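> Would you mind keeping the following structure in view while I ask a few things?
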Amino acid sequence: MKKIFIISVIAAAISLLSCATIKELPEDLTSAQIIQKGQNALVAGDYKSAEFCYETVIQRFGTNPATFVEAKYELGNAYYKAKKYQQAYDTFTELLDIYGYSQGNLPGAYKKLAQIGLDKIPENKITKK
């Protein structure tokens, strides 16, 4: 009985720590590691941390076009999951505009995913510009 109690306490502590909002990220993390942290936060329902991770990737690694569009898509997806539909719409639209101006040197998957994300947003929740 004592072992079960101890295991329960440890499991509860781990779950509480995993739900803690991310407020800073070590400088030595790669863009892929930060994006993974964002995806983990998104799965856990911690949209604020997910947004923070994707914004950090854009800030730190945004000069790399492939990394920028990946993080921008993930940010739009985080907004969508958080029901921040206008921000999701603006982010996906911006991403599609970037693809419109690019000369084919960006990963094509994020263009398609951004369009799918845009199509999922309820029309009555956004103001188109």
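Computed from the coordinates by the stated procedures, all read-outs in this text should not be read as laboratory data. Everything numeric here is computed off the predicted structure, so don't read it as measured data. Counting neighbours? That spans all protein chains shown, and the Cβs are built from the backbone with ideal geometry, glycine included.
> Would you mind computing the Rg to Rh ratio of the stretch 13-129 from its alpha-carbon coordinates, Kirkwood style for Rh?
0.99
> For a protection proxy built on the mean count of beta-carbon atoms within 10 angstrom, sort 40-51, 116-127 highest first, please.
40-51, 116-127
> Label Gln39 and Thr127 with points 7 Å out from Cα along Cα→Cβ: what is the distance between them in nm?
About 3.5 nm separates the two model spin labels.
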